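Here's the structure we're looking at; comments come further down.
Bear in mind these aren't lab numbers, they're just calculated from the coordinates by the rules spelled out. From a predicted model like this one, the values you see are computed outputs, not experimental measurements. Cβ: placed from backbone, ideal geometry, glycine included. Neighbour counts: every protein chain shown.
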Amino acid sequence: MNLLLQDPFSVLKEYPEKLTFTLENPLRTECLEFSTCGNYLALGCSNGDVVIYDMDTLRPITVLGSESGAHVRSVQSLSWSPDGRYIITGSRDWCVKLWDLNKPERPYRETLFEGPIWNCKWLDAENLRCVATVSEEDHVFMIDFNHETPIIHQIRIEEDIESNKGHVLTCCVNPNFPDVIITGTSKGWLSLLKIDNHQMDNNAFTFSSLYSTKIVNSNIKDIIISQNGDRLAVNSSDRTIRQYAVQMSEDLKFVTVDLEHRYQDVINKLQWNCIFFSNGSAEYLVASTHGSSTRELYLWETGSGTLVRVLEGAEEELMDINWNFYNMCIASNGFESGYVYIWSIVIPPKWSALAPDFEEIEENIEYQEKEDEFDQVGELEQQHELIQAEEVPIDLTTKERYDVRGNDLLRQDFVIPMDYQRILLMHSKK
Amino acid sequence: MQARLSSLPVWCPPYSKTKKDPITGEDVYCICKKQDTGELMVGCDGCDDWFHFSCMRIPIKYQKLVASFYCPYCQAGITGMDKSEAEEKTVEDETGDAIKVRKTLWKKKCRLEDCYEPCTERSKYCSRQHGKEFLQEVLSKLDISGLNVGESVDKEAFVKTLIQQNDRDDFQSFIRAGQSEFIDKDVPKSLDNQLYESLIANDRKVNELINQQSIIETGTLPKAKERVELLEKYIDWISQVNIKFNEDQNSSGTTDENSSSKIDKGGKKSKKKKGLKTKPKKRICGYISNFTELPSSVDKFVEEYELHKDDGLTTLQSVCIKTRCIKHSEWSSMLLDRYLQEVELAERHQERIQLLLQTRKRQLHIQYYEKVTKKQS
Amino acid sequence: MTMPEFELTVRGSIPLRITHSEDVPTSAKFSPNGEKIAICQGTTIILYDVQLRVTESILQTSHTKPISELCWSPDNQCIATASDDFTLEIRHLTYGPLHRLVGHTAPVVSLCYNGKGNLLYSSSMDESIKVWDVLNGILMKTISAHSESVVSVDICPEDSTVLSSGSFDGLIRLFDSSSGHCLKTLTYDKDWKSENGVVPISQVRFSKNGKYLLVKSFDGVVKIWDCIGGYVVRTFLALSEETRALKHSCGIDFLYPSDETLAPIVVSGYEHGELFCWNSENKKLLYSSMGNDNCHSGSPIISIHCRDNLVCTLSLNGECYVWGARFVTTVPTST
């Protein structure tokens, strides 16, 4: 609705261009993610806190675990459920925790591993299932938070373990086939695994390998997949981002993974810290670089593999990246300060909005009187026009289904309850 | 932060540098640029010019209430900028940061409506006399006709008894009335037993908070403390095991220190021992998933370890016995942090509930007193 | 097919007592969950339980001058009040006052929460609109885009991105609620050319989807504007031109029938206690208090608020009614 009233050329820009805000999070930010509709930004911090910022006020509105159960070591990974009600967090304190934002004072469910967590991702948010990778482990874990005591399944493929593909460092879930996960190992193996749930028993799962190949001779640090599931990007410690086209047949019998592009920093030969795709079919890829010499994010067009934009303005090396498509913001945290830099689309104010009879024009236009400009319009005719306008049907209730950027407007973020206790506490400390 | 520039008010003419009348040569003042005729003026704290109360549209009766005055030109940032910044008034804004303002500030006025004297320190009145008058006025407005207090009671006596009922003490307790500690005290039930029951005793929120309080006090907190103790005990046990190892190593090390490295040949074993020599302290990881019950005694454990140390085991009695365990590194300090945090958070939570309870009760007490006084016959 | 007939009947009245001249009630609103009605009268808030039909409690605010409007937080837990003493107060129903918002330099006239309840918008006779951060109780933004008192602000609860305002300067403006930029100004060319000059706006109210704006001006005319197109799509006239003109800002609201196939209803109150209801689609007059009920005894209906099938009306003389609206399909009889 708002966007319909704005300048269409500004609104339809496909990526953010300007650094518009810096969140000076006093707790060093390690990882970050926007809620689905971009109302909130969750920051995982090095002391174990998870702070949620309200994007309307750009101030923190809640800290998870204020009554009990906050992490005690750096938070490595966090993820919102699509409805914005739940967050999963994985930390170096060996715990994966599930938070219900309706009661953010304590974890809703939690589970303990025997080592630091690398990352955690939603597998099936409706059933509170997620996957996690743990330090020094050769397989991915599936956590079923649907039970009071969460059940952990090892996604173990015997032949993979035998062929010694290394520790699993990262994984992601295919959005088209939510039972297919993609893993990357310390020895450069990329694998697609399928999870089968047996109809009879909700807790029995079998796992099978769909595809597995060694793509590189070093660690696979990160894997991302596009929203439509057709594109994959792999960040590995050989200083290269590899972009693949993925095709999977409906029955999953046929899987191809074809290399499309490689992205390298040819001059400085820097490693990439983090990568992120734009929405839909992932027309853009954005990445942060390792090392104190660079302070920018690089944005490529994935079709041609060309660099189209460098996002500048940060004052330090950037780490994690998150891109929200509802508010068209890219957020990234600085390595040294832990501050969060936010780039967005700046829509300039229209002064003509204040005076409806005026029109803003780019340059001078020679005035030419129009044929009918000063014609006397009959009072009756005018009246008639007005009456006609009042007969057109109007719909006062139905909401727009999609915004002009193509985002689903029926999807709404869960509204985090106002922390009234905090207000009272603030007053009592004055 | 720089003071925000604002524009001149509509009634104020643009700034003019004129300080002397071009004809008479006399000094001129104010925005009207007239000579001093004895009309009441106020000096600007920003530019040292003088301004008529009437020109500034300030009623004369406010003359004693001006705390600091800035003329429109100074407020707009046209004049007075060369003054050292230290002289400018600083005021705290909403966020508590001190900001500089070039703004006319006022003293608090006496509460009595027609009095325009400033209040004396720590008072709402300019004088004791006016305080008395104000309260007398309030008393005269008080309507107790609807109260069921008997007809003969006059207002003054009624208020007095009300105060005395609230507190058996004297004038001192009267002074405390209206201060926070007064309203935080339990209300006298006797004023209206029924109301007390329905309003305060059966308040859902109060009871819920009291319940939460007792859960923390009897459940969460002691449990968390107990876990810290158990973990500390286990950590102690592990360190004893490690000490024991080192004792054994040292004793064996001292006896055949020279020969040991020579005798051991090849493989991991010799590497391990070499490592031990340069770093005399041998430590096993010691991680265990359940530490609520201690494994066997220290001596027994070490004995067993010695028996099995060449079997390539990673755990013994569920205890991780790797000497350089990356996976579990720092597990004990981390776990201890976690349990200590639980204790700390529970204590903080307790304080918070206490605050909520106090706030809720305060609201109920206010309602109680209001209802008691308003209660209709 | 016969259109179901519309009925509006008084379900109950809320007793208010006016003892001082400053004690006038100004605003009555249903809580978002429909359980309560809050009425502000002077510097107090009266809470009325809709189910039990009793006055639940009377809360004394910290305002020193009368309240002009109140607004429930979307979570039903707080009430914000705008007062003639230039301030706003946010009060939690369980824990009491949370914030006193100071910043306006003239009486605060109107206020509304956004859909998430984290921002509060207020408009004042100082010609500005202010945006407040509810959690921290601080001023975030001041929007100065009117040249007279801003008497009404509204935000669409289902789409909090656009804010509308109506002012005595006769302008209706739409703002981007996050940047504060003006997006559009709704005025009629003809309004400016009219002999009596500009007609001050009295109240603005978004439709459920935020695409349309219900506007009442002081000449007593009610219009529905298309916000995106920027033109009037419906005009509702009641009474004669002289009796329609307002001295007080009389209430309007949309009533949404539970049967979604039926068109929403426009409810409007007038200076002498008259109440009118129209079908928003075909502009048909569905209800008129003229010669119907003897409610509000000729006193201006200062506030109207609808929720589900209930309508709450409040007049300056302290009469407050809860009405039930319903549609009855009547089989035409031949009498």
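Numbers for the structure displayed
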read-out: At R0 = 22 Å, FRET efficiency that the Cβ-Cβ distance of C:R53 and C:V328 yields, to 0.05; value: 0.40
read-out: For the stretch C:5-328, the fraction of alpha-carbon pairs in successive 10 Å shells from zero, as %; value: 6, 28, 38, 23, 4, 0
read-out: Cα-based shape type of the stretch A:287-339, given that a ≥ b ≥ c are square roots of the gyration tensor eigenvalues and the cut on a/c is 1.5; value: oblate
read-out: Peptide ranges B:345-356, A:58-69 listed from the most packed, as the mean C-beta count within 10 angstrom indicates; value: A:58-69, B:345-356
read-out: Burial ordering of C:S128, C:S68, fewest other beta-carbon atoms within 10 Å first; value: C:S128, C:S68
read-out: Of C:K141/C:K247; B:K124/B:K185; B:K244/B:K309; B:K64/B:K124, those spanning more than 21 Å from alpha-carbon to alpha-carbon; value: C:K141/C:K247; B:K124/B:K185
read-out: Average other protein chain Cβ within 10 Å of Cβ, residues C:91-99; value: 6
read-out: Between 0 and 90°, nearest 10: helix A:379-389 axis offset from chain A longest Cα axis; value: 20
read-out: Cβ-based exposure ranking for A:T183, A:T256, in which fewest neighbours within 10 Å come first; value: A:T256, A:T183
read-out: Residue order, fewest to most surrounding Cβ atoms within 10 angstrom, among A:Y420, C:Y212; value: A:Y420, C:Y212
read-out: Distant alpha-carbon pairs in the protein assembly as shown (separation over 47 angstrom), percent; value: 48
read-out: Whole-Å distance, taken between Cα centres, linking the stretch C:78-141 and the stretch A:16-70; value: 26
read-out: Relative intensity, log₁₀ I(q)/I(0), of the stretch A:267-405 from a Debye sum that treats every alpha carbon as a point, q = 0.11, 0.14, 0.15 Å⁻¹; value: -0.70, -0.85, -0.91
read-out: Mean separation of Cα contacts under 8 Å (6+ apart) over length of the stretch C:5-328, as relative contact order %; value: 14
read-out: Mean-position separation - Cα centroids, the stretch A:197-251 and the stretch C:219-246, in angstrom; value: 61
read-out: Overall dimensions of the stretch A:1-344 by Cα: Rg and Dmax, Å; value: 19.4, 61
read-out: Cα-Cα separations in the stretch C:77-207 greater than 25 Å, expressed as whole percent; value: 23
read-out: C-alpha long axis of helix A:420-429 to longest principal axis of chain A, angle in °; value: 90
read-out: Peptide-level mean, for A:419-429, of C-beta atoms on other protein chains within 10 Å; value: 6
read-out: Farthest toward positive dipole pole in the stretch A:1-344 [+1 Lys/Arg, -1 Asp/Glu at C-beta], among A:A204, A:C45, A:T149; value: A:C45
read-out: Cβ neighbours within 10 Å from other chains - mean over B:346-354; value: 3
read-out: Spin-label pair B:E229/C:D308, simplified geometry with 7 Å Cα→Cβ offset, distance in nm; value: 5.4
read-out: Gap separating the Cα centres of the stretch A:375-416 and the stretch A:275-304, nearest whole Å; value: 39
read-out: Debye intensity ratio in log₁₀ form over the Cα atoms of the stretch A:106-240, taken at each q of 0.18, 0.22 Å⁻¹; value: -1.01, -1.46
read-out: Cα Rg, Dmax (largest Cα-Cα span) when computed across the stretch A:114-166, Å; value: 12.0, 36
